[in-house]
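Peer 1: I have a structure here, written as structure tokens, and I will follow up with some questions on it.
The values are calculated or read from the model by the stated rules, or taken from the named source; none is laboratory data. Because the structure is predicted, anything quoted here is derived from the model rather than measured. Reconstructed Cβ throughout: ideal geometry from the backbone, glycine too, with neighbour counts over all protein chains shown. SASA here: full protein model, heavy atoms, side chains in, ligands and nucleic acids out. Shrake-Rupley method; radii C 1.70, N 1.55, O 1.52, S 1.80 Å.
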Amino acid sequence: MFTSETVQRSPFADLPETPSTHFKLCFFATVQRLVRHVVDSLGSYEAAWEQFPFLKGYYDELVSSSPEGKALDEDWWHNAIANWEESVPGHLPLRALCEAVELDSRSLTLLLSIGLVEEDIRFGFLFEAMQGGQRRPTSGLLDTWWRGDDGAREENSGRAVLWRLLALGLVQVMNPDVPRSEGALQLPSLLWDVLRGDVPGAGGQFTVSDGVGAQFIAPGDTQHPAHPAVYELAPWLRYSAPQRLLALNDLIVPAAVRQALHNMPALLASDDTRALVVRGPQRNGRRTTLGAIARALGRGMLEVHGINKQDKRYEECWRLIGPLATLLHAFPVVVLDVAAGEHLELPAIGGYDGPLGFVLGKQGGISGPCVEQALTIVLDMPDGEARRLHWQRGLQNCPGSSLDAISESVRMTGGNIRRVARLAQAHAALAEHEAVELSDVRQASRALHRQELETLATALPAIGNWGHLALRADTMHELYHLENRCRHREHLHSLVGPTLGTQLNVGVRALLSGPSGTGKTLAARLLASVLEMDLYRLDLSSVVNKYIGETEKNLDRVFARAEELDVILLLDEGDALLTKRTNVQNANDRYANLETNYLLQRLETFEGILLVTTNAGDRIDSAFRRRIDVVIEFHPPDIEERWLIWQLHLPVSHAVDEALLREIAGRCVLTGGQIRNAVLHASLLALDSGGTMTSQHLNDAVQREYRKIAAICPLRHNSTATLNGNGR
């Protein structure tokens, strides 16, 4: 960092070789210059101590740390610090920052002078007295104090250095509306904390006492609490120490990806590759993978998330990434949420000359100077073997768990498996199970479903079996086929030819088509029940948006969550989204077609189970039908099916005459939904008149259903009798 004459032994050679020691030395070099200017301004030491008594404590510390007559010798301090630096082989944050942004020793002291108020509030009173009314240093004061000794304004004059520090985001102007020379300066508080070593791995802390200025707390001091391995620097920023990160060999990834990751650190250390982009579903090990790369590089990980161009502090936060990564000797990992069809232009990251990491989903694109030399790795959903390893690690405290059954039945991302595993152990304990069972896992996974899905979809109860459904034999056969397709979706590609196998993914897309009330939604609920999966119905009101592109983003979000959480997604009345594309006659037609085109493409890559119901199959776009794996036609029930539906819905202890029931089944052409409604109404009438359903109750309920559709009931013995004489 410093250019200096060589000395045999630094007067600071006995100090610990730590970042905090370095900060202390640079801090005192800054105070040394400030004291010298205050003494020069007031004319004598006595005048300086009288007006600013606290400076005497700092001056005494300077005297005790330097040879006689060198306490206010700026050149001696810089040379002595430079000589001490040469003996320290490890990472010194301040040295690394100066090398990255090309600051010399005097420029560094100017930077630290702006933060003196953060360290000791008494410097605020000093600045207030020296410049009149402002407790933070102004650019005019610092320009005067840090210009060359001869008063010339050379390249490293105070003003030139301040401009560079402002451009790098290391310094901020608190009152930008005033003349430039009156602008009060401050360092971002986050940056100052990192500069002084208040983060994991900084090697110690430097604090200011009330009596004699500064004190150093060495690492390992039992009076100082240990830093955590993961540190939340800000709501949008997290630092993980190297020892907190997973090693490359501990990652659960496919063999080909593992080999690429082992080669990656050497590539990132070269000039040919400067960034690594990791794509994949959420909570699937993307950040963990980049953390392992950081550890292999000998760095911590600086995780940046939740900042976007709409944020007022976007530029300020972005400019801090590089300096913070340099100070922490960290690998910056930027987590981006780029929706399908979106493209994000990323600015350069200044103040840092190391490799970069970016986390992305499967959709969207990025560009910019920081990703011009980037490699990409895709982490797909884990297969059965990988899921078993995740469950094994997640349930290591519960031996005896049925890992094979759980990993085969629950297809989730690695991160979600770990989250569910922790909660499943609690459910097993509540149920007094000796080991975690599949039912415990299902219970635990529902907590994740509620958090991730219920803003865009609605959970539907999934209970029962195929015996609760009365349909034609061919329709039931197709439903059994759909069940088998869902059960074996991960193994199907291995049973077909290689050409076809490469075209398949594990997604299952089914269209349930037929008139309203014929059992489509009930069939979806029963399918979820027999597969022991949760069913969520897509809420179109929360997905469709009038703003261009927002509908596609919402659809992508709900499809992605359904894939990651292993739930069945039901698109009820799907013709609302999947209508035939029209000839473009206006802007509305163009954007409607764009939505349909996007949905067609997304369905092709969907890796979950999607059920689409419609009672207007002729309105479904033919291109969508080609992408459907299973099409099941539902028909209005015939006489035998209607009889069976009545039997399934009527209470066990009813008093309905069998002759009337057969006549209703034979003559009243009602759908399953209408029969359900009639039984519900008859049950209400029965509850109101004693509790047992009679022929009169059922007759009145059937009559009511026909009145609802404005049709004449075909029963030969239409009863006009009423219950309790009130004409219900």
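Peer 1: If one takes the longest principal axis of the Cα atoms in the chain, at what angle in degrees, from 0 to 90 and to the nearest 10, does the Cα axis of helix 384-394 lie?
Peer 2: 60 degrees
Peer 1: Using a 7 Å offset from the Cα along the Cα-to-Cβ direction at both Glu658 and Asp353, what is the distance between the two label points in nm, to one decimal?
Peer 2: 9.5 nm
Peer 1: Same structure, new question: For the chain, with the dipole built from +1 on Lys and Arg beta-carbon atoms and -1 on Asp and Glu ones, taken about the Cα centre, which of Asn284, Leu423, Ile645 lies farthest toward the positive end?
Peer 2: Positive-end residue among those listed: Ile645.
Peer 1: Once you list every other residue whose beta carbon is under 14 Å from the beta carbon of Arg487, what net charge do they have if Lys and Arg are +1 and Asp and Glu are -1?
Peer 2: Numbers: positive: Arg411, Arg485, Arg489; negative: Glu408, Glu483, Glu490, Glu532, Asp566, Asp629.
Neighbour charge sum, excluding Arg487 itself: -3.
Peer 1: Modelling each spin label as a point 7 Å along the Cα-to-Cβ direction, I'd like the Ala623/His491 distance in nm, to one decimal.
Peer 2: A separation of 3.6 nm, rounded to one decimal place.
Peer 1: Further question on the same structure: Cα-based count: Lys pairs in the chain below 25 Å, eight or more positions apart or different chains?
Peer 2: Count of close lysine pairs: 13.
Peer 1: Over all directions, average the projected area of the Cα convex hull of the chain and note it in nm².
Peer 2: Spelled out: convex hull of the Cα atoms, projected over all directions, averaged, 45.8 nm².
Peer 1: If you fit an axis through the alpha-carbon atoms of helix 695-708 and take the longest principal axis of the Cα set of the chain, what angle between them do you get, 0 to 90°, nearest 10?
Peer 2: That helix lies at roughly 60 degrees to the long axis.
Peer 1: Further, regarding this structure: Report the paramagnetic label zone for Glu86: residues of the stretch 9-39 whose backbone N is under 16 Å from a point 7 Å from Cα along the Cα-to-Cβ axis.
Peer 2: Under 16 Å, as judged by backbone N against the label point of Glu86, lie 9-14 of the stretch 9-39.
Peer 1: For the chain, with the dipole built from +1 on Lys and Arg beta-carbon atoms and -1 on Asp and Glu ones, taken about the Cα centre, which of Trp84, Val506, Gly464 lies farthest toward the positive end?
Peer 2: Working it through, the farthest residue towards the positive pole turns out to be Gly464.
Peer 1: Nearest 5 percent is fine: what portion of the DSSP beta bridges confined to the chain is antiparallel? Before the final figure, lay out the partial values.
Peer 2: Numbers: 20 of 60 bridges.
Given both bridge residues lie in the chain, the antiparallel proportion sits at roughly 35 percent.
Peer 1: Quick one: angle between helix 255-268 and the longest Cα principal axis of the chain, in degrees between 0 and 90, rounded to 10, please.
Peer 2: The answer is roughly 20 degrees.
Peer 1: State whether the stretch 303-350 is rounded, prolate or oblate according to the following rule on the C-alpha gyration tensor (a ≥ b ≥ c being the square roots of its eigenvalues): a/c under 1.5 gives rounded; otherwise a/b larger than b/c gives prolate, and the remaining case gives oblate. Let's see the in-between values first.
Peer 2: Numbers: a/c = 2.26, a/b = 1.70, b/c = 1.33.
Prolate, because a/c is 1.5 or more and a/b exceeds b/c.
Peer 1: Under 5 Å between amide hydrogens, which residues at least 5 positions from Gly608 or on another chain qualify, with H placed 1.01 Å from N in the peptide plane?
Peer 2: Under 5 Å from the amide H of Gly608: Val508.
Peer 1: Here is a further query. With N set to the number of residues, divide the alpha-carbon radius of gyration of the stretch 38-136 by 2.2 N^0.38 Å and report two decimals.
Peer 2: The stretch 38-136 yields a ratio of 1.23.
Peer 1: Could I ask something else about it? What per residue convex hull volume, in Å³, do the alpha-carbon atoms of the stretch 656-713 yield?
Peer 2: Working: hull volume 4.2 nm³, N = 58.
It is 72 Å³ per residue.
Peer 1: Treat every Asp and Glu Cβ in the chain as -1 and every Lys and Arg Cβ as +1, leave all other atoms uncharged, and give the resulting dipole magnitude about the Cα centre to the nearest 20 debye.
Peer 2: 2520 debye
Peer 1: How would you classify the stretch 416-548 from its alpha-carbon gyration tensor, with a ≥ b ≥ c the square roots of the eigenvalues: rounded for a/c under 1.5, else prolate if a/b is greater than b/c, otherwise oblate?
Peer 2: Judged from the Cα gyration tensor, the stretch 416-548 comes out rounded (a/c under 1.5).
Peer 1: Something else about it: Could you give me the ³J(HN,Hα) list for the stretch 40-47, computed from phi with Karplus coefficients 6.51, -1.76, 1.60 and θ = phi - 60°, whole Hz, x at Gly and Pro?
Peer 2: 4, 5, 8, x, 6, 5, 4, 5
Peer 1: Also, quick follow-up: Write down the accessible area per residue of the chain in Å², having rolled a 1.4 Å probe over the full set of protein chains.
Peer 2: Result: 46 Å² of accessible area for each residue.
Peer 1: Please report the net charge: other residues with Cβ closer than 12 Å to the Cβ of Ala528, K and R +1, D and E -1.
Peer 2: Summing Lys/Arg as +1 and Asp/Glu as -1 gives -1.
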